[in-house]
Amino acid sequence: MDGFRDGSGLFGVAGSASSAECVLDALASLQHRGGAGLAVATADGTTVRATRARGRVDGFDREALETLPGTLAIGQVFGGLGPPDLAGLPLDGGDRMVLGHTSGGPLAAAIAGRFTNGTRLRRELKEKGALFQTESDAEVLLHLVAQSAQRTTVNRLVDALWKVEGAFSALLLGPELLVAVRDPRGFRPLVVGQLDGALVVSSEDVAIREVGGTVQRAVAPGEMVVVLREAVQSVRPFPAQAPSRCAQELVGLARHDASIMDRSPYEVRTKLGERVGRTDPADVDLVLALPHDEPFALGYARSTGHPYERGLLPRYGASGEDWMVVPSVVQGRRVAIVSRSLLTGAEARKAVSRLRAAGAVEVHVRVATPPIARACVYGVPSPTTDELASARRPDPEDLRAWLDADTVGFLPLEALVDVLGTRGWCTACVSGDHPVAPEEADDQLPLF
């Protein structure tokens, strides 16, 4: 399970009498995008209220929703943990919900992704007197809105978004306003639909479907969907840019049953497994997968002709999710274990060790994506570059010996691009080609 997983999932609804309950139910369907905490904000035409909680959605005290009236609501699940900020929301990164106040009234903002120029914008805002309570890019956006000279909240928001760069989808909530926006390059997915006459918007279509709604379409790159006093309007105020859709959305972030950027993650994942099976087959008796990586292993088994068996099964305990080996499946056999990615290599190394202890006579590791040697600079949580196995051990033999595998094989980059199909995918974590230049870190000591 050593892959890009925790990130941020967004959901919003406009026009529902039970908006907070709808958002909470939808966030349960986005739990795979972050299990460390969640936040929900609602608007009732007069003000905006918010609540938050650490942990998963199923542990949330639903009685707290009674304090959140209104027909407009937005919510977010996220990974990572941090101390509560002054607005009462646990924020420690670039993609946490923030509730603030502007000249147009209270405004809540939630962002999935990252502003690549967020450090510079934060510094400039501080130089103008802005006081920050969190490290969230959502708070940077709220300060930009507050400092805009435009007359309406929507125009102030457009003015603010003209100043930011990066990879993000965002939801904003005012007393009578809900705005959904996707960055001009379309890094992060966002879709809209209908639920009993209400407009709903989500990071993935699965959440809309599972609360009983109908998916309508994807929010276009650079599009803003604005709901103001029940009127819905679509505007595209930003210059068109070349698309840079996140390849990891299809590889590992989205649920298997989602439809992301007009593609099926499940189909893409089985095809990636098939391709690595053709480019680097191993002479084995059976194929295994780490839990959650089954489609890759099924594709590998299909292309190599080796049987797939569930020799690794999930196990849940007090410390969270783990997995166990079924000795009767692997004992005395040569096995290939297929994974979506390697990242730190910790899971693959543990798998090799456990399989050998259970009696496997050979263990071959196959990774259905190219080596990931760079951390994501666009807001997808990942280990640092120095922690990545392919960065620490670029020599294939050194990596193989460290994993204690008989062989190790990766999918070539050109094969990944071929499976993704149409152009316009961001593969910076494997190729180093950044479609938006990452901002240099601010290394000035905050002494004065």
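Just so you know, all these numbers are worked out from the coordinates, no wet-lab data involved. All values reported here derive from a predicted model rather than from experimental measurement. Reconstructed Cβ throughout: ideal geometry from the backbone, glycine too, with neighbour counts over all protein chains shown.
Once Lys and Arg get +1 and Asp and Glu get -1 on their Cβ, which of 308, 416, 370 lies farthest toward the positive end of the dipole of region 265-431? About the Cα centre, the residue reaching furthest to the positive side is 308.
For the chain, taking the reciprocal of the average inverse distance between every pair of different Cα atoms yields a Kirkwood hydrodynamic radius of 22.7 Å. Please compute the contact order of region 8-241 in relative form: average sequence separation of alpha-carbon pairs under 8 Å and at least six residues apart, divided by the residue count, as a percent. After rounding, I find 20 percent. Placing +1 on the Cβ of every Lys and Arg and -1 on the Cβ of every Asp and Glu, with nothing else charged, gives region 265-431 a dipole about its Cα centre of roughly 200 debye.
Seen against the Cα atoms of the chain and their longest principal axis, helix 19-29 is set at about 10 degrees.
Normalised by the number of residues in region 341-399, the mean separation of alpha-carbon contacts (under 8 Å, six or more apart) gives a relative contact order of 40 percent. Here the contact order of the chain, divided by its residue count and restricted to Cα pairs under 8 Å and six or more residues apart, works out to 14 percent. Projecting the Cα positions of 175, 53, 239 onto the charge dipole of the chain (unit charges on Cβ atoms of Lys, Arg, Asp and Glu, taken about the Cα centre) puts 239 furthest along the positive direction. Spatial offset of region 267-326 relative to region 329-375 amounts to 10 Å, using the alpha carbon center of each.
Angle of helix 118-127 to the longest C-alpha principal axis of the chain, folded into 0 to 90 degrees and rounded to 10: 30°. Footprinting exposure proxy ranking of 372, 260, fewest other C-beta atoms within 10 angstrom first, gives 260, 372. Oblate is the label for region 209-255. Its Cα gyration tensor axes, ordered a ≥ b ≥ c, give a/c of at least 1.5 and b/c at or above a/b.
Once backbone amide H atoms are built at 1.01 Å from N, residue 260 has no partners under 5 Å, excluding neighbours fewer than 5 places away on the same chain.
Indicate the gyration tensor shape class of region 8-241 (rounded, prolate or oblate), computed on the Cα atoms with a ≥ b ≥ c the square roots of the eigenvalues: a/c under 1.5 is rounded; otherwise a/b larger than b/c is prolate and the rest oblate.
Values: a/c = 1.39, a/b = 1.19, b/c = 1.17.
Judged from the Cα gyration tensor, region 8-241 comes out rounded (a/c under 1.5).
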